[in-house]
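Some notes on the structure that comes next.
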């Protein structure tokens, strides 16, 4: 019997991407979808590309919970905690693509998002769903905090070096560039075409909400508190995130050791591809896929590791990773429904 999947917030970019991938998942089927903005409308009316593929009408949140085994919430922060409690009470799996369960510290959640933990027990039972780093924590759990886009690409770029103690955890810099879909579907001046096209700029410099989430992951890996400088930029493209991460190599560590550690660390990770020397991670090569490409570089003058990751922010940075988490909690092969070949051109 197929897993019945429900999507709350199905008409946003992440929700629509969940639909796109789940439509071809061999072990799951979409049971119900909802959207506050388009309730009663067919999804194919909102996204004509889904005509005769998903003509399902957007119902209510309660209908989605009732009809589904697993509920994906593609909602802005602050809207998922009560929904998670509803799913938990109904015995349903809940995967949150928003930020409500990502931070373990309520103080940090309050500082960066202006919200409180509504149910501390629920937060204690929620697990952070970055499979390549925390797979064992995800297995058997029912409340999953699906990491965001920057918070997937940057930690994957740095994880092997940080965990093995090959680089200093002081002075790490993460410089990321994202496609505009990361801003969501709701129009704003910043993603208005004349404002965005032929431009390129940083935003929320050293003040982005994903900063504490990246630090939380790196701190867990290193075993001590890690503080980073994080600067995101907006690229005039639809999809993709490039994260260029800088970390000082520790004394006595050779760059060859670092490469060996990365290849060993990700040897059995299908969705992480460590590129050979001389190659550069490129968002072109991961588009529409759940892959993360990582290229490694050595600045010999300053003895700095430059680790660059490329992901599709809508797939590995959102919907694809959420489905990867669904596969884990339901005991499926992680690759199920996610072997999506990036276009060659």
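Evaluate the following for residue 295: is it outside the structural domain of residue 101 (by TED's automatic domain parsing), buried (at least 17 other Cβ atoms within 10 Å of the Cβ) and part of a loop (DSSP other than H, G, I, E, B)? Against the criterion (outside the structural domain of residue 101 (by TED's automatic domain parsing), buried (at least 17 other Cβ atoms within 10 Å of the Cβ) and part of a loop (DSSP other than H, G, I, E, B)), residue 295 does not qualify. Filtering the stretch 169-196 to residues that are assigned to a loop (DSSP other than H, G, I, E, B), surrounded by fewer than 16 Cβ atoms within 10 Å (Cβ to Cβ) and either outside the structural domain of residue 211 (by TED's automatic domain parsing) or at pLDDT 80 or above (or both) leaves 170, 171.
Table: residues versus (1) without any contact (Cβ under 8 Å) to a residue 60 or more places away in the chain; (2) farther than 29 Å from residue 170 by Cβ; (3) touching a strand residue (DSSP E or B) at 6+ places or on another chain (Cβ under 7 Å); (4) surrounded by fewer than 16 Cβ atoms within 10 Å (Cβ to Cβ).
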| position | (1), (2), (3), (4) |
| --- | --- |
| 232 | no, no, yes, no |
| 270 | no, yes, no, yes |
| 312 | no, yes, no, no |
| 318 | no, yes, no, no |
| 325 | no, yes, yes, no |
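Condition (residue is in contact (Cβ under 8 Å) with a residue 40 or more places away in the chain, in a strand (DSSP E or B), buried (at least 16 other Cβ atoms within 10 Å of the Cβ) and touching a strand residue (DSSP E or B) at 6+ places or on another chain (Cβ under 6 Å)) applied to the stretch 100-117: is it met by at least one residue? Within the stretch 100-117, none of the residues are in contact (Cβ under 8 Å) with a residue 40 or more places away in the chain, in a strand (DSSP E or B), buried (at least 16 other Cβ atoms within 10 Å of the Cβ) and touching a strand residue (DSSP E or B) at 6+ places or on another chain (Cβ under 6 Å). If you go through the stretch 272-289 and pick out every residue that is out of contact with any helix residue (DSSP H, G or I) (no Cβ under 7 Å at 6 or more places or on another chain) and part of a loop (DSSP other than H, G, I, E, B), you end up with 10. All of (1) in a helix (DSSP H, G or I); (2) under 28 Å from residue 60 (Cβ atoms) hold for residue 79 with one exception: (1).
Can you name every residue in the stretch 86-99 that is at negative phi and either touching a strand residue (DSSP E or B) at 6+ places or on another chain (Cβ under 9 Å) or part of a loop (DSSP other than H, G, I, E, B) (or both)? Listed by number, the residues that qualify are 86, 87, 88, 90, 92, 93, 94, 95, 96, 97, 98, 99.
The values are calculated or read from the model by the stated rules, or taken from the named source; none is laboratory data. Computed from a predicted structure; not experimentally measured. A quick note on method: Cβ atoms are made from the backbone with ideal geometry, for glycine too, and the neighbour counts reach across all protein chains shown.
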